[in-house]
1. With angles folded into 0 to 90 degrees, how steeply does helix 145-165 sit against the dominant principal axis of the chain? Use alpha carbons for both and round to 10.
2. Compute the helix-to-body angle for 63-72: its Cα long axis versus the longest principal axis of the chain, expressed 0 to 90° and rounded to tens.
3. Per the 1.4 Å probe, what fraction of the accessible area of the chain, in percent, lies on carbon and sulfur atoms?
4. Among T144, P167, V68, flag the residue with its Cα farthest along the positive direction of the charge dipole of the chain, charges on Cβ as +1 for Lys/Arg and -1 for Asp/Glu.
5. Full-extension gain between N156 and W221, please, as 0.36 nm times their residue separation minus the C-alpha to C-alpha distance.
6. Considering lysine pairs in the chain that are 8 or more places apart or on different chains, how many have Cα atoms under 23 Å apart?
7. Using θ = phi - 60° and the Karplus curve 6.51 cos²θ - 1.76 cosθ + 1.60, what whole-Hz ³J(HN,Hα) does each residue of segment 102-115 get, with Gly and Pro shown as x?
8. Give the angle, between 0 and 90 degrees and rounded to the nearest 10, that separates the Cα long axis of helix 206-218 from the longest principal axis of the Cα atoms of the chain.
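The values are calculated or read from the model by the stated rules, or taken from the named source; none is laboratory data. Every value quoted in this text rests on a predicted model; they were computed, and no experiment measured them. Cβ coordinates were reconstructed from backbone atoms using ideal geometry, including for glycine residues, and neighbour counts include every protein chain displayed. SASA here: full protein model, heavy atoms, side chains in, ligands and nucleic acids out. Shrake-Rupley method; radii C 1.70, N 1.55, O 1.52, S 1.80 Å.
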Amino acid sequence: MAGSPIVAITGASSGIGASVARGLSERGYTPLLIARRKPALESVAQSLKGTSIIVDGDVNDSSLDAKVLAALNGRPLAGLVNNAGRYDRGAFETFSEADWARAFQTNLFSAARLTKSLLSSLSSHGGAIVNVSSTLGLRPVPQTSIYAATKAAMNNWTQALALELAPKVRVNCVCPGITDTPLHGFSEEQKRQLAQAQPLGRIGTPDEVAEAIIFLLESKWTTGAILAVDGGISLT
């Protein structure tokens, strides 16, 4: 749809990012799809009802910012979904300093850098930012020390930025619980076992998390929210 609001989504080639793109397309937005794998992005684009924009690149590469700005071609950005991330799990003593640096670079620093580059475009439109964190950033479990630390930092950064950028830009965060995405690669047996521990009796779907993200993109009087979308697991 020509002239429709543009929302940039990192990690848009699968999982939650692809679901956000489909949900936004159904609502008349133009998703700007960002991820490393161009063929996967093209597949997502073909599944959408409306038009989309593809920018292939690694969020850890600072040259990506210029590619996104070039794709916008001066048009305002209605929203940014910082969804790209990595999941590191293991005993604390097994992780090196390089592992910690890589996790923070992918899960937090890349989002901060891209947000800064796109801030002028977001501000000109009264846009919104939604960061995709994790319930592990609220309540960690053993062997998630790196991942939980990056997501706790993202939650805090979200609220600090919400205060700093108000009233021009709203900034919110979703904290998904256990969700059936390629990031985790659960087997059917693992899904069955995980479902037994959830208050709602099952793990989540990317579409369910995407609904919450789109709500925060559109909720005009919500900023600084840290929204758990987790089937109630953070209450147990």
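1. Approximately 40 degrees, to the nearest ten.
2. 50 degrees
3. On the way: 6090 of 11140 Å².
C and S atoms contribute 55 percent here.
4. Among T144, P167, V68, the one farthest towards the positive end of the dipole of the chain is P167.
5. On the way: separation 65, 0.36 × 65 = 23.40 nm, distance 1.95 nm.
This chain segment gains 21.5 nm when fully extended.
6. Details: K38/K49; K38/K67; K67/K116; K116/K151; K116/K168; K116/K220; K151/K191; K168/K220.
Lysine pairs, 8 or more places apart or on different chains, close enough: 8.
7. Whole-Hz 3J(HN,Hα) from phi for segment 102-115: 5, 5, 5, 4, 6, 8, 9, 5, 5, 5, 5, 5, 5, 4.
8. Approximately 50 degrees, to the nearest 10.
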